[in-house]
1. Within the set of other residues whose C-beta is less than 11 Å from the C-beta of Ala197, count the net charge using Lys and Arg as +1 and Asp and Glu as -1.
2. Using only the C-alpha atoms of segment 195-243, find the volume of their convex hull and express it per residue in Å³.
3. Could you give each residue of segment 132-139 its phi-based ³J(HN,Hα) in whole Hz, using Karplus coefficients 6.51, -1.76, 1.60 with θ = phi - 60°, and x for Gly or Pro?
4. If I build a Gaussian network model for the chain, linking alpha-carbon pairs within less than 10 angstrom, which residue out of Gly133, Gly159, Gly236 has the largest mean-square fluctuation?
5. I need the P(r) histogram for segment 9-168: all alpha carbon pairs, bin width 10 Å from 0 out to the longest distance, whole percents.
6. Quick check on segment 160-295: what are the equivalent-ellipsoid semi-axes from the Cα gyration tensor, as sqrt(5λ), descending, whole Å?
7. For the chain, what is the calculated [θ] at 222 nm in deg cm²/dmol (nearest 500), taking -39500 (n - 2.57) for each run of four or more DSSP H residues and dividing by its residue count?
8. How would you rank 75-82, 146-153, 257-264, highest first, on the average number of other Cβ atoms within 10 Å across their residues?
Amino acid sequence: MSTHSEQSAVTVLGLGPMGRSLARAFLDAGLRTTVWNRTPGRDRELVARGATAAPSAAEAIAASPLTVVCVVNYDAADAVLRSGPASAAAEGRTVVNLTADTPGRARSTAGWAAGQGIRYLDGAIMTPTTTIGTPAAVFIHSGPAELYREAGPILDALGGTHTHLGEEIGRAAAHDIALLDIFWTAMNGFAHALALARAEGITARELAPFAQGIGAVLPPLFESYAQALDDGDFSGTDNPLTSAASSMAHIAAASEAHGIDTGVMRAAERLARRAVDEGHGTDGFIRIAELLGRR
C-alpha cells in the first residue's frame, strides 16, 4: 500500500459501480477519502473500509483539495456542482470530472467552472470497473497541463495509464465518444451476428471462436486505415467499396429471410452505395469516413 501525507485527500462524488471502484482504489492507496452520493446507502462498504461519508455534496467537496466526479451524465454532474453550496465550496479547489457525455457538455461545464473560480479538468474512463486500481485501467484527461501535473499524484492512485490529451477541455470527451462509437457499433454487430447465426442453427458458443478471429483482424486494419485517411489515400485494391456493398447486401438479405431487423446493415450498405454512385467504387472502405465528414 502506498503512503501519503495527511494532506493527500480526495473526494468522490457519485457512488455508482464506477464511483465505488474509484473510491476503493483511493482507499487502497492510503488516501484520506470522502464520499457522497445523492441516493443514500451506497457508501456503507466504503465507510467500513475507512472512507468518510459526507452529509452533502458541498461538505464532501470542502473536505478535500481535489474532487473526482463520476455520475451518469453531465445533467447529473451539473445538478450537483452548480448548486449554490457546492459551487461555493468548490471555489479555488480542483474538480476532475470523469463523467461521460459529449464534448460540448464538457466545454460548457468547464466554462461555468472558470467563471466560478473552480480549477477544472475533464476526463474519461476507458476500461471497466474491474480494472480500476490495476495496471489494466486506462484514463484520458484534458485541460490545463499544469493542473493535470498537480493532480497526477492523486490520479495515479487509480492505477493503469493516464494520458493528457491537451489543454482544449473537450478533447478527452471527444476521444471517449469516438471510441465508444467503435465499441457500441461493434457490439451491435456482434449481437446481430449471433441472432443471424442462431436463425441458421448455429449456437452462440459455436460462432464465438470465429468471431474472435474476425476481431483479431481489426487492430491492423484500424492502424492502416487511420494512416490512409490522414494521408488522403483511398485506394481499395484489395477490397473495393463495390465488394463491401455486395457483402452487406448479402448479410441483409439473409437476415431479412429470417425476419431479423436489418436497419443498421442497410444503413451501412446505403453509405457504401452512395460512395459508389459518386464514383468511388474502386476506393477502399475508409472512403466512408471522408464521406461522413463532409459538411
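What follows draws every value from the coordinates through simple rules; no lab data is involved. Because the structure is a prediction, the values reported are computed rather than measured. Positions of Cβ are generated from backbone atoms using ideal geometry, with glycine treated the same way; all protein chains shown enter the neighbour counts.
1. On the way: positive: Arg198, Arg205; negative: Glu200, Glu206.
With Lys, Arg at +1 and Asp, Glu at -1, the neighbours total 0.
2. On the way: hull volume 5.2 nm³, N = 49.
Expressed per residue, the convex hull around the Cα atoms of segment 195-243 is 105 Å³.
3. 5, x, 10, x, 7, 5, 9, 10
4. Gly236
5. Computed distribution, short to long bins: 11, 46, 37, 5.
6. Values: eigenvalues 154, 98, 41 Å².
Sorted largest first and rounded, they come to 28, 22, 14 Å.
7. Working: 12 runs with 155 residues, N = 295.
Calculated at 222 nm, the ellipticity per residue is -16500 deg cm²/dmol.
8. On the way: 75-82: 18.5, 146-153: 15.6, 257-264: 12.4.
Packing proxy ranking, top to bottom: 75-82, 146-153, 257-264.
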